[in-house]
Amino acid sequence: MPRWSNRSLVAYHGTDTGSLTTYGALGHQSLHSQLFGFSINIAACRPNTDFGRGFYLTSYLHQARQWANDRVRRKIAANQPVPKAVVLSFTVDRNLLASAEGLAFVLATNDYWDLVSDCRVGFTPLSRTGANPAYDVVYGPVALWQQQLIIHDCDQVSIHTQTIANRIPAPVVHDIATNASGLF
């Protein structure tokens, strides 16, 4: 029997309870395991990231926890109320990803670094001509900006169009920090 079954991709997103705008006001105790009504708003995503403005997922739980901790640390540094780090788990149909206009980097080649450099300084190199002016999904390693190093055992899948974001199923709350610091 073949091993490959084209099963769904389990991907994680690290954030904080305060950033879950629909549920953030309720506090972390009120978060349900399934976030019904959760929606991704590409316009609200941070610009100047590795692949530009998009919603970032990873197949590595440890990476999502680090992203969540980073969000909490930024809020602590800005003297904002301290939220709790939270990791969301998404089960994404691989056929959805395969049907999307995509760009994939297996290695950190010159093309990869050109894209990351442009996106990090605010250019929009994901724009292109044709029916769909942007790549829906970009996959690749995680950059340690500005040293042109990649982080071992980390990856990222970024969703860049609202059309694909709307088709991502609601997440499950995988983990919430219990530390008083808000960190994992």
* Output the number of the condition that Leu88 fails; it satisfies all remaining conditions of (1) in contact with a strand residue (DSSP E or B) (Cβ under 7 Å, 6 or more places away or on another chain); (2) surrounded by fewer than 21 Cβ atoms within 10 Å (Cβ to Cβ). => (2)
* Asked: Within region 11-55, which residues are at pLDDT 90 or above, assigned to a strand (DSSP E or B) and either loosely packed, with under 12 Cβ neighbours inside 10 Å or out of contact with any His (no Cβ under 8 Å at 6 or more places or on another chain) (or both)?
  -> Ala11, His13, Gly14, Thr15, Asp16
* Considering (1) surrounded by fewer than 18 Cβ atoms within 10 Å (Cβ to Cβ); (2) in contact (Cβ under 8 Å) with a residue 24 or more places away in the chain; (3) within 28 Å of Val106 (Cα to Cα), say which one Ser181 fails and leave the rest. => (3)
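For the condition exposed (fewer than 14 other Cβ atoms within 10 Å of the Cβ) and touching a strand residue (DSSP E or B) at 6+ places or on another chain (Cβ under 6 Å), what is the one hit in Ala100, Ala77, Ala104, Ala68?
On the way: Ala100 fails: exposed (fewer than 14 other Cβ atoms within 10 Å of the Cβ); Ala77 fails: touching a strand residue (DSSP E or B) at 6+ places or on another chain (Cβ under 6 Å); Ala68 fails: exposed (fewer than 14 other Cβ atoms within 10 Å of the Cβ).
Unique residue meeting the criteria: Ala104.
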* Pairs under 7 Å by beta carbon, first residue assigned to a loop (DSSP other than H, G, I, E, B) in region 106-126, partner aliphatic (A, V, I, L, M), six or more apart or different chains? -> Ala108/Ile150; Pro125/Leu115; Leu126/Ala134
* Boolean, Leu126 is more than 25 Å from Ala170 (Cβ to Cβ), at pLDDT below 95 and under 17 Å from the mean Cα position of the chain (by Cα) -> yes
* Give me a count of the residues in region 56-105 that are in a loop (DSSP other than H, G, I, E, B) and either more than 17 Å from the chain's Cα centre (by Cα) or not charged (D, E, K, R) (or both). => 12
* Asked: Looking at region 1-10, which of its residues are outside any strand (DSSP E or B) and touching a residue at least 24 places away in the same chain (Cβ under 8 Å)?
  -> Asn6, Arg7, Ser8
* **Residue match in region 165-172 (condition: over 15 Å from Ala104 (Cβ atoms), touching a Ser or Thr at 6+ places or on another chain (Cβ under 7 Å) and surrounded by fewer than 19 Cβ atoms within 10 Å (Cβ to Cβ))** => yes
* Structure fact -> Selection over region 145-160 where residues are surrounded by fewer than 14 Cβ atoms within 10 Å (Cβ to Cβ) and touching a strand residue (DSSP E or B) at 6+ places or on another chain (Cβ under 8 Å) yields a count of 1
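The values are calculated or read from the model by the stated rules, or taken from the named source; none is laboratory data. Since the structure is predicted, the reported quantities are computational estimates derived from the model, not experimental observations. With ideal geometry, Cβ positions are generated from the backbone for all residues, glycine too; neighbour counts draw on all protein chains shown.
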